[in-house]
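Structure first, commentary second.
The values are calculated or read from the model by the stated rules, or taken from the named source; none is laboratory data. Fair warning: this is a prediction, and the values are worked out from it, not measured in the lab. A quick note on method: Cβ atoms are made from the backbone with ideal geometry, for glycine too, and the neighbour counts reach across all protein chains shown. What goes into the accessible areas is simple: the full protein's heavy atoms, side chains included, and nothing from ligands, DNA or RNA. Shrake-Rupley method; radii C 1.70, N 1.55, O 1.52, S 1.80 Å.
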Amino acid sequence: MTDLRLLPKVELHLHLEGAAPPEFIRSLAARKKVDLSRIFDERGNYVYTDFPDFLRVYEAACTVLTSPQDFHDLTLAVLEQSASHNVVYSETFLSPDFCGGGDLIAWRDYLAAMEAAAATAESRLGITLRGCITCIRHFGPEQARKIARCAQETAGPFITGFGIAGDEGQFHPSDFVYAFDAAREAGLGLTAHAGEWGGPESVRAALEHLRVSRIGHGVRAIEDDALVAYLAESGIVLEVCPGSNSALGLYPKITAHPIDRLRRKGVLVTVSTDDPPFFHTDMTHEYHALANAFAWQEEDFVQINKTALNAAFCDDQTRTALSKKLEAK
Ligand code: ADE
Ligand code: ZN
């Protein structure tokens with residue numbers, strides 16, 4: 001097998017703030033005189049105890065990201081990391097909640113800064129970024145409407161999708177129908193985190209109420225044969241993040257992870273890192289873990305990247321250009 005790092009990759013599920021290197025956040029905290037020592041361990045890594053605590057640490061880290069310049073620098077740092085693993089296309093979750101609280105005028109400024117960084121990275125490193133605006137479930141449906149408005153108003157060649165992340169245990173997909181309908185009307189591709197902490201019923205509810213074409217995680221669909229069959233038939237794509245699921249304790253070890261079983265049952269799976277420094281992972285690490293656990297070969301990864309590119313929310317011109325990059329390995 002060729003060096004898995006060198007394989008061109010498509011990543012569909014990455015949270016921009018969740019990809020912030022800890023040293024990046026620490027240096028902003030020092031500069032802004034904010035004490036964030038509680039979120040780092042003695043080696044300087046993010047530290048958390050469980051999923052709710054992970055969300056708290058994540059949000060604490062975000063408190064030092066306070067300006068468009070911070071998001072410009074963060075975008076560049078994250079794309080440099082991704083490009084070093086030969087990611088050629090990154091669809092990244094962008095959160096207006098952390099960019100001025102969902103205020104549209106502020107959001108436009110933050111977005112312009114991120115787009116400028118993306119243009120720099122594309123010309124320097126050959127990596128393409130597209131943004132998927134995400135609302136945060138535990139911030140509630142009213143706030144999600146504001147975020148959907150940001151998405152509606154800035155939809156275009158760069159902002160191509162809309163999604164929902166956060167605590168799956170709070171609220172119900174039916175509470176977010178307005179936000180998703182608005183995003184759909186704006187022509188955005190739709191995805192929802194589900195079937196990570198919630199069971200199959202959570203995936204069903206996201207599909208029924210939010211009418212998404214992709215599910216973030218979705219792995220707990222494996223607990224329901226009929227749902228697995230439906231996912232396979234309907235071509236719903238799962239954005240699977242095995243390292244994230246392992247680090248957060250969803251599965252005790254990678255060999256227990258359902259990605260291989262889902263794939264064998266015909267479900268369209270893709271591979272992403274979610275929040276890589278939080279989970280001590282990167283795309284190359286994910287691929288190595290899957291190759292070791294399930295004897296996946298280079299052609300399996302090539303197929304997964306084709307699936308990811310087909311499911312990407314970018315325009316077809318971008319998709320065609322990227323497919324040439326995937327072939328030119
Ligand atoms: N936000 C960042 N990472 C997340 C995850 N794994 N689940 C839900 N929301 C998230
Ligand atoms: Zn996620």
Cβ under 10 Å from THR160's Cβ, THR160 left aside: what net charge do those residues give with Lys, Arg +1 and Asp, Glu -1? -1
Just how far, in whole angstrom, is segment 172-222 from segment 234-271 if you go by their alpha carbon centroids? 17 Å
Tell me which lysines have Cα within less than 30 Å of LYS253's Cα, excluding those fewer than 8 residues away on the same chain? LYS9, LYS265, LYS306
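So if each residue of separation counts as 0.36 nm, and I subtract the Cα-Cα distance between GLU223 and ASP53, what length gain in nm does that give?
Details: separation 170, 0.36 × 170 = 61.20 nm, distance 2.59 nm.
Answer, rounded to one decimal: 58.6 nm.
Using a/c under 1.5 as the rounded threshold, could you call segment 27-144 rounded, prolate or oblate? The axes a ≥ b ≥ c are square roots of the C-alpha gyration tensor eigenvalues, and prolate needs a/b larger than b/c, oblate otherwise. Before the final figure, lay out each step's value.
Values: a/c = 1.57, a/b = 1.20, b/c = 1.30.
Oblate, since a/c reaches 1.5 and b/c is not below a/b.
From the P(r) of segment 87-169, could you give the percentage of C-alpha pairs in the tail past 18 Å? Provide the component values of the computation, followed by the final result.
Numbers: 1360 of 3403 pairs.
Distances greater than 18 Å cover 40 percent of the Cα pairs.
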Pseudo-spin-label distance ASP3 to HIS209, built 7 Å along Cα→Cβ, given in nm, is 4.8 nm
Can you send over the solvent-accessible area of GLU122, 1.4 Å probe, protein chains only, in Å² to the nearest 10? 80 Å²
Under a 5 Å amide H to amide H cut-off, with H placed in plane at 1.01 Å, what residues pair with TYR89 once short-range neighbours are removed? LYS9, GLU11, THR128
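Given a 1.4 Å probe, how much area per residue of the chain is accessible, in Å²?
On the way: 13100 Å² over 329 residues.
That works out to 40 Å² for each residue.
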Largest fluctuation, VAL240, VAL212, VAL34 only, Gaussian network model of the chain with Cα springs under 10 angstrom, belongs to VAL34
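Can you give the calculated 222 nm mean residue ellipticity of the chain, where each DSSP H run of n ≥ 4 adds -39,500 (n - 2.57) and the sum is split over every residue, rounded to the nearest 500 deg cm²/dmol?
Working: 13 runs with 150 residues, N = 329.
Roughly -14000 deg cm²/dmol at 222 nm, from the helical runs in the chain.
If one computes P(r) from the Cα atoms of segment 9-327, what percent of pairs lie at distances over 23 Å?
Numbers: 27296 of 50721 pairs.
So the portion of pairs separated by more than 23 Å is 54 percent.
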Quote to one decimal, in nm, the extra length available between TYR251 and TYR230 on full extension: 0.36 nm per residue of separation minus the C-alpha distance between them. 5.2 nm
Mind giving me the nanometre distance, one decimal, between the label points for TYR178 and VAL34, set 7 Å out from Cα along Cα→Cβ? 2.9 nm
If you put +1 on each Lys and Arg Cβ and -1 on each Asp and Glu Cβ, how big is the dipole of the chain around its Cα centre, in Debye rounded to 20? 380 debye
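Taking the highest mean first, how do the peptides 6-12, 303-309 order by number of other beta carbon atoms within 10 angstrom per residue? Let's see the in-between values first.
Numbers: 6-12: 23.4, 303-309: 20.7.
Averaged packing, sorted descending, gives the order 6-12, 303-309.
Express in nm, to one decimal, how much length is gained between LYS265 and GLU122 on full extension, taking 0.36 nm for each residue of separation and deducting their alpha carbon distance.
Values: separation 143, 0.36 × 143 = 51.48 nm, distance 3.65 nm.
Contour length minus Cα-Cα distance gives 47.8 nm.
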